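Here's the structure, in structure tokens; my notes come after.
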Amino acid sequence: MHEGLSLLYVGAVLVLNGLWMLGRIEDREIQVINYFAGGVSLAVAAYAAFGPGADAGSVRTAAMTLLFAFTYLWVAINRRNGSSGHGLGYFCLFVALTALPTGLLQLAAAQGLWGWWSGLNWLAWSALWFGFYLMLCHRPRLQPLMARTSLAQGLVTAWVPGYLLLQGLLA
């Protein structure tokens, strides 16, 4: 259930960040969803790492979740302080390079639809965060493409699956 909670708001933040990159949401406003999604993901990760029943698997899940929670919090802070985003860009490269083998390992161990979906999501997130790195550090002209990619991935990899998990329609 915690995964659905986190994914629902990851979907919201990816979609809204895509709209923000397209100029449809102001810097001051986009901070709200980034702080919220980052905070929700941080809380889910903390519970997984330190809550009752924490084990090696839940700590691993927490570590991976924190990659994204920290990204959203960093976006919010950058919008607040007017930073260039280069530091965030290099962190996005770290996320992309961490998500890539995670996706490959998930696919290698996949059993059933959820396992395949998870592995493919990690690969999609790796590509998205690599695109953010390129956009923030080297190719600002990629922003319209990254905005649309963020919108699409927010829907497909997070919002819809998160909603289905919360409704008990996906296991």
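The values are calculated or read from the model by the stated rules, or taken from the named source; none is laboratory data. The structure presented is a predicted model; accordingly, all values stated were derived computationally and were not measured. Cβ: placed from backbone, ideal geometry, glycine included. Neighbour counts: every protein chain shown. To get the accessible areas, we keep the full protein, side chains included, count just its heavy atoms, and leave off ligands, DNA and RNA. Shrake-Rupley method; radii C 1.70, N 1.55, O 1.52, S 1.80 Å.
Over the chain, with every protein chain in place, what whole percent of the accessible area is carbon and sulfur at 1.4 Å, could you tell me? Don't skip to the end; give the middle numbers.
Numbers: 6080 of 9040 Å².
It is 67 percent, rounded to a whole number.
What do you reckon, how do TRP125, TRP74 stack up by accessible area (1.4 Å probe), largest on top? If you can, show how the numbers build up before the last one.
Working: TRP125 30, TRP74 70 Å².
Accessible-area ranking of TRP125, TRP74, largest first: TRP74, TRP125.
What relative contact order, as a whole-number percentage, does the chain give when Cα pairs under 8 Å and 6 or more residues apart are counted?
Values: 245 pairs, mean separation 59.6, N = 171.
For the chain, the relative contact order is 35 percent.
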ARG79, ARG24, ranked by accessible area, largest first (probe 1.4 Å): ARG24, ARG79
What does the accessible area of THR102 come to, in Å² to the nearest 10, when a probe of 1.4 Å is used? 30
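For the range 1-51, calculate the relative contact order in percent as a whole number, restricting contacts to Cα pairs under 8 Å that are 6 or more residues apart. Write down the numbers at each step before the final one.
On the way: 23 pairs, mean separation 23.3, N = 51.
Here the relative contact order equals 46 percent.
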Computed over the chain, the distribution of all Cα-Cα distances in 5 Å bins, rounded to whole %, is 2, 9, 16, 23, 23, 14, 8, 4, 1, 0
Place a +1 charge on the Cβ of each Lys and Arg in the range 1-120 and a -1 charge on the Cβ of each Asp and Glu, then give the dipole magnitude about the Cα centre in debye, rounded to the nearest 20. 160
With the 1.4 Å probe rolled over protein heavy atoms, the range 22-110 has an accessible area per residue in Å² of 54
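Where in the chain are the helices, taken as whole DSSP H runs, whose Cα atoms extend 20 angstrom or more along the long axis and whose Kyte-Doolittle mean reaches at least -1.0?
On the way: long enough: 2-21 (28 Å, 1.24); 27-50 (34 Å, 0.80); 56-81 (37 Å, 0.57); 86-108 (34 Å, 1.40); 112-137 (38 Å, 0.88).
Span-like helices here: 2-21, 27-50, 56-81, 86-108, 112-137.
So what is the 222 nm mean residue ellipticity for the chain from helices alone, if each DSSP H run of at least 4 adds -39500 (n - 2.57) and you divide by all residues, rounding to the nearest 500 deg cm²/dmol?
Details: 7 runs with 137 residues, N = 171.
Only helices count here, giving -27500 deg cm²/dmol.
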